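Here, each number is a calculation from the coordinates, and none is a lab measurement. Predicted model only: the values in this text are computed from it and were never measured.
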């Protein structure tokens with residue numbers, strides 16, 4: 001019997017996040033161990049009148065290519081990767097989680113070749129999501145690997161996931177609509193702001209956001225969700241930023257990152273662990289050294305950092321930036337094959353200034369009339 005919370009999550013993903021309509025071609029993809037949610041989501045798509053297609057994969061798939069493939073095989077883009085960006089109206093992606101260490105010992109040069117070869121296809125896919133041509137949502141099913149990474153039992157991690165997604169509530173959609181309304185007040189204010197400055201331990205970063213649109217993110221692209229974000233003016237970022245939490249990309253962990261920016265470009269990238277890999281990724285293309293995103297997390301139903309960016313970037317008490325590809329809908333002109341989120345803790349003395357006014361302190365917005 002499927003956990004009622006799994007059924008609730010399927011309903012939220014299909015009917016609220018993707019808003020599947022009659023005739024929509026819908027891809028549902030995830031690891032084999034996400035079977036119960038894949039099936040529950042398929043049923044919801046059928047009820048909505050869509051045409052579901054399930055893609056099941058295994059954690060070892062990419063590992064095998066990178067370990068055993070030639071350069072030609074590593075850079076080959078298969079038909080499914082192409083079809084994913086071309087053939088579907090809606091896509092539900094369940095992120096990996098059974099074994100997060102499959103790529104830990106892969107040569108960084110091979111990882112770079114793999115990423116570079118997919119840069120154009122990934123950008124096309126991300127652009128279609130940004131323009132609404134493809135409705136996409138990413139979510140997480142409770143699996144052993146992500147539970148262990150979060151230092152929880154699988155049962156406790158399941159509780160954590162379903163609470164963060166608000167599907168433990170009587171009316172999950174109403175809860176997400178409540179967050180939407182709260183964040184709408186914030187983005188309406190920020191859309192009038194010209195300059196943002198973020199200050200915390202080891203961080204003093206300024207940027208122009210004049211004319212850029214702030215996005216209210218409340219469950220349409222990610223589940224769980226809870227953030228407001230934009231893409232800064234590309235050449236306006238100056239200063240330094242330090243990250244309290246590890247930054248994870250392609251299953252590789254980089255610790256204690258310190259970035260320095262001048263006129264938009266990251267001119268120095270340091271880390272206590274994984275510095276070589278950090279710089280490999282930031283050299284993938286010209287856009288990788290520029291900011292594609294600045295954001296504030298607002299989901300206080302996520303109680304702790306779990307080394308899973310889907311949850312961690314939404315943490316209340318944090319801000320995050322992303323190196324690489326920006327958001328077309330926010331007005332970004334930065335293009336890159338990567339989008340790497342990195343998280344800065346703000347709960348102990350962190351401040352955000354908007355046009356020199358304090359609007360956020362110690363992990364909370366200080367704007368008035370936010371109800």
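Please say if the stretch 107-167 is rounded, prolate or oblate, where rounded means a/c under 1.5 for a ≥ b ≥ c the square roots of the C-alpha gyration tensor eigenvalues, and otherwise the choice is prolate for a/b larger than b/c and oblate otherwise? Since a/c reaches 1.5 but b/c is at least a/b, the shape of the stretch 107-167 is classed as oblate. In a GNM of the chain with a 10 Å cut-off on Cα contacts, which of 31, 72, 313 has the highest mean-square fluctuation? Checking each option, the largest mean-square fluctuation is seen for 72. For the residues 308, 238, 64, a GNM of the chain with alpha-carbon springs under 10 Å puts the largest fluctuation on 64. A helix-only calculation puts the chain at -9000 deg cm²/dmol for mean residue ellipticity at 222 nm, using -39500 (n - 2.57) for each DSSP H run of at least four residues, averaged over all residues. Note on the chain: antiparallel DSSP beta bridges, both residues inside, total approximately 75 percent of the bridges counted.
Which of the three applies to the stretch 177-365, rounded, prolate or oblate, going by the alpha-carbon gyration tensor with a ≥ b ≥ c and a/c under 1.5 meaning rounded? Rounded is the answer for the stretch 177-365, as its axis ratio a/c remains below 1.5. Look at the Cα gyration tensor of the stretch 4-164: its axes a ≥ b ≥ c give a/c of at least 1.5 with a/b at or below b/c, and that counts as oblate. Averaging Cα coordinates gives a centre for the stretch 282-357 and one for the stretch 133-160; these two points are 20 Å apart. For the chain, a Gaussian network of Cα nodes joined below 10 Å ranks 280, 96, 155 by mean-square fluctuation, and the top entry is 155.
For the chain, the relative contact order works out to 15 percent when only alpha carbon pairs closer than 8 Å and six or more residues apart are counted.
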